[in-house]
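Colleague: Below: one structure in structure tokens.
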Protein chains: 2
Amino acid sequence: MRISFQELKQEFKRILLKLSFPEETADSCATIFAENSRDGVYSHGLNRFPVFVKYAKKGFIKPDALPSLLEAYGVMERWDGNFAPGMSNAAHCMKRAVELAKVNGMGCVALKNTNHWMRGGTYGWQAAEAGCIGICFTNATVSMPAWGGKDPVLGNNPLVIAIPRKEGHVVLDMAMSQFSYGKMQEYELKNEVLPFPGGYNEAGEMINDPVEIRKTRRALPIGLWKGSGLALVLDLLVVALSGGNSTGKISEHADETGVSQCFIAIHRPDMHDALIEEVIAYTKNGGTVKPGEQVSYPGERTLQTRRENEEKGIPVNEEMWMKVKGM
Amino acid sequence: MRISFQELKQEFKRILLKLSFPEETADSCATIFAENSRDGVYSHGLNRFPVFVKYAKKGFIKPDALPSLLEAYGVMERWDGNFAPGMSNAAHCMKRAVELAKVNGMGCVALKNTNHWMRGGTYGWQAAEAGCIGICFTNATVSMPAWGGKDPVLGNNPLVIAIPRKEGHVVLDMAMSQFSYGKMQEYELKNEVLPFPGGYNEAGEMINDPVEIRKTRRALPIGLWKGSGLALVLDLLVVALSGGNSTGKISEHADETGVSQCFIAIHRPDMHDALIEEVIAYTKNGGTVKPGEQVSYPGERTLQTRRENEEKGIPVNEEMWMKVKGM
């Protein structure tokens, strides 16, 4: 079943307005949820919407809160998210970073007391659309042990890096775990094992079994000791810059709220477009292991899915769509 | 055999002065080589020094060149390295980023036409010593295929992130390959296989055999498709910001020269030190798989090695030391 972008967005907005979201916030959040589904990130589009509504009803997300400036220091600002919706907070902060960058070459906005931003890539695409390089990262509740460690102490702390490009922005959006728990659940539901090791069993052995990993909560960081270090460093950066909650602090509660984030934008008179094209062409030119396949740059498949879904409508899980229509 | 820091540095400096390096450049490069060995990174300390000398003799490194400012744009600057030594160029650019950050909260210096910076961590430690968060990255000659690709088209493009801390700076210094070719050679010389998959054989299968990987030149990116994307994005960032050579361009020549780099410094009135300590303590508190071991933060072991080598002298490979003494 496929739904138009407008229908999806209107439905989200209707529900958010019913939940006392102010017009502008409802519109911004509904747009982002619909865009995530449109871009093929269904896990953070329609399929996530009911959880967002639950969090709003529980009071973790404050519909009428707005972010407020705590401190401005040169091209750096520190904001309090005041537990407003994570997406409108994040979009606001990237917009602010872009404004600072357009005047000063660079801008950095650190944000505390915010909520899940859904798809991190959203704010990378936003910066790139504005002609800026965008870099952003967030912390999250614990999901991985540190390298050599037993209990989960690190968040999957997604990192987003976007580079504007006429033929389609390059947008890297990667979490620090090799597979998210959501992705592992997909394999579990299909009764399949992971194609590569994704975590540890109780004995500390690296395994491909999603059921076992979801039980131990010992997901594998990308690059083993390297991703473990990077996840820790991203938590340190958001905490040092925002003064907000660390992964450890967030994880004291079962529900993920009050996370810390950072948004950096870089602007230049020109981004050396011809050189960017040269790099993309070179990377694609290395041949493929399987004949007929091709190497993609980060963001390329997203753009393909977007175009397809804009043309044919956005695929929805019918059960989920009915659930949302009934809200 | 152990040598004092001073003796090591003096020996390097003597040789560089003989090669017509100006006093200041010779001192700066000799200091960095000696520090790399002192910190236990022997591969980019004493053991690398003869290659550096060879590159200077071949004219790839210009001893008397200095970096020059191409463009200043708010808190961003673009410099030409003029093929001066990579270490003095990099140290200069991080110093400049720190100066910009101390006035504006943030500074970014992009650098083209430079040479290998040896240990990237050097410039992270430098920023942290100056009280700043330091982020820097470089491109490099090809060493890995892109995800799904066959021929190497990506550099291992190291990324450094440093956070200042009274009890010892946190300094992450990671290349995008799971194992460097140098590390693989170490395993090969010991007739050992890698403890985790490190690349592909001719058939495109993931393998642990360092001999085979060194033959195919198909090293594995950290986190599989994720590190492949990150390596590409880092190359795009340095090229877009500096206007310099990409990994593809650098790889047209057998010898690695004319690389592109980026140095970012962030300064704040306070870095929320207590929160940083909280994160470190929490991460260390998750228990370990093997009893008696402990979880380390990035930079912790470097500091332990530094202290040990400062006390007992710096271990040197005797053959290499004799070779350098005879230069």
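Colleague: How much length, in nm to one decimal, is gained on full extension between A:VAL211 and A:LYS102, taken as 0.36 nm per residue of separation minus their Cα-Cα distance?
Modeller: Gain on stretching A:VAL211 to A:LYS102: 34.5 nm.
Colleague: Karplus couplings for the stretch B:144-157 from phi (6.51 cos²θ - 1.76 cosθ + 1.60, θ = phi - 60°), rounded to Hz, Gly and Pro as x?
Modeller: 9, x, 6, 4, x, x, 9, 7, x, 9, 10, x, 7, 5
Colleague: Counting partner chain Cβ atoms within 10 Å of every residue's Cβ in B:236-249, what's the average?
Modeller: Rounded to a whole number, the mean comes out at 6.
Colleague: Under 5 Å between amide hydrogens, which residues at least 5 positions from A:VAL142 or on another chain qualify, with H placed 1.01 Å from N in the peptide plane?
Modeller: Under 5 Å from the amide H of A:VAL142 lie the amide H atoms of A:SER251, each far enough along the sequence or on another chain.
Colleague: Cut-off under 20 Å on the C-alpha distance; same-chain residues fewer than 8 positions from A:LYS226 excluded. Which lysines are left, in chain and number order?
Modeller: A:LYS150, B:LYS183, B:LYS226, B:LYS284, B:LYS290
Colleague: Also: Which of the peptides B:20-29, B:159-168 is most tightly packed, and how do the rest follow, judged by the mean count of other Cβ atoms within 10 Å per residue?
Modeller: Going by the mean number of other Cβ atoms within 10 Å, highest first, we get B:159-168, B:20-29.
Colleague: Turning to a different aspect of this structure: So what is the 222 nm mean residue ellipticity for chain B from helices alone, if each DSSP H run of at least 4 adds -39500 (n - 2.57) and you divide by all residues, rounding to the nearest 500 deg cm²/dmol?
Modeller: -13000 deg cm²/dmol
Colleague: By its C-alpha gyration tensor, with a ≥ b ≥ c as the square roots of the eigenvalues, how is the protein assembly as shown shaped: rounded for a/c under 1.5, else prolate for a/b larger than b/c, else oblate?
Modeller: Here the protein assembly as shown falls in the prolate category.
Colleague: How many Cβ atoms of partner chains, on average, are near each residue of A:157-165 if near means within 10 Å of its Cβ?
Modeller: What the average comes to for A:157-165 is 2.
Colleague: In addition: Using r as the Cβ-Cβ distance of B:GLN185 and A:GLU319, and R0 as 56 Å, what FRET efficiency do you calculate, to the nearest 0.05?
Modeller: The computed FRET efficiency comes out at 0.50.
Colleague: List every residue whose amide H lies under 5 Å from the amide H of A:ILE207, counting only residues 5 or more places away in sequence or on a different chain, with H placed 1.01 Å from N in the peptide plane.
Modeller: A:GLY198, A:GLY199, A:TYR200, A:ASN201
Colleague: Cα-based Rg (one decimal) and Dmax (whole number) for the stretch A:140-181, in Å?
Modeller: Both quantities, over Cα of the stretch A:140-181: 14.2, 46 Å.
Colleague: Now a separate question. List, shortest first and in nm to one decimal, how far the label point of A:ASN208 (7 Å from Cα along Cα→Cβ) is from its counterparts in the other copies.
Modeller: 1.5
Colleague: Work out the mean other chain Cβ neighbour count within 10 Å for the residues of A:285-295 and drop it here as an integer.
Modeller: Whole-number average of other-chain Cβ neighbours for A:285-295 is 5.
Colleague: Rounded to the nearest 0.05, what FRET efficiency do A:ALA281 and B:VAL51 give with R0 = 22 Å and r taken as the Cβ-Cβ distance? Could you check?
Modeller: The computed FRET efficiency comes out at 0.10.
Colleague: Still on this structure, I have one more. How many nanometers, to one decimal and shortest first, lie between the label point of A:LYS57 and those of its other copies, if labels sit 7 Å from Cα toward Cβ?
Modeller: Counterpart label points of A:LYS57 in the remaining copies fall at 7.7 nm.
Colleague: How much length is gained on full extension from A:GLU23 to A:MET327, taking 0.36 nm per residue of separation minus their Cα-Cα distance?
Modeller: So the chain would gain 107.6 nm between A:GLU23 and A:MET327.
Colleague: Non-local amide H neighbours of A:ILE3 (under 5 Å, H modeled in plane, Pro and chain starts lacking H): which ones?
Modeller: Residues meeting the criterion, in which the H sits 1.01 Å from N, are A:ILE314, A:VAL316.
Colleague: Rounded, prolate or oblate: which one fits chain B, using the alpha carbon gyration tensor with axes a ≥ b ≥ c (rounded when a/c is under 1.5, else prolate when a/b beats b/c, else oblate)?
Modeller: Since a/c stays below 1.5, the shape of chain B is classed as rounded.
Colleague: Among B:196-209, B:85-98, what's the highest-first ranking by average C-beta atoms within 10 angstrom per residue?
Modeller: Per-residue mean Cβ counts within 10 Å order the peptides as B:85-98, B:196-209.
Colleague: For A:GLY292, place a label point 7 Å from Cα along the Cα-to-Cβ direction in every copy; what are the distances to the other copies, in nm, shortest first?
Modeller: Those label-point separations list as 5.5 nm.
Colleague: Starting at the first residue of the stretch B:242-256, write each ³J(HN,Hα) from the Karplus equation 6.51 cos²θ - 1.76 cosθ + 1.60 with θ = phi - 60°, in whole Hz, x for Gly and Pro.
Modeller: Karplus values, whole Hz, x for Gly and Pro: 9, x, x, 6, 8, 3, x, 5, 4, 6, 5, 10, 5, 9, 7.
Colleague: I need the phi-derived Karplus couplings for the stretch B:313-327: 6.51 cos²θ - 1.76 cosθ + 1.60, θ = phi - 60°, integer Hz, Gly and Pro marked x.
Modeller: The phi angles translate into x, 8, x, 10, 6, 4, 4, 5, 5, 5, 4, 5, 4, x, 6 Hz.
Colleague: On to the next question. According to the square roots a ≥ b ≥ c of the eigenvalues of the Cα gyration tensor, what is the shape class of the stretch A:25-107, taking rounded for a/c under 1.5, prolate for a/b larger than b/c otherwise, and oblate for the remainder?
Modeller: Taking the square roots of the gyration eigenvalues as a ≥ b ≥ c, the stretch A:25-107 is oblate.
Throughout, read-outs are computed from the coordinates displayed, never taken from laboratory work. Remember, it's a predicted structure, so these values are computed and weren't measured experimentally. Using ideal geometry, Cβ is built from the backbone for each residue, glycine included, and neighbour counts are taken over all protein chains shown.
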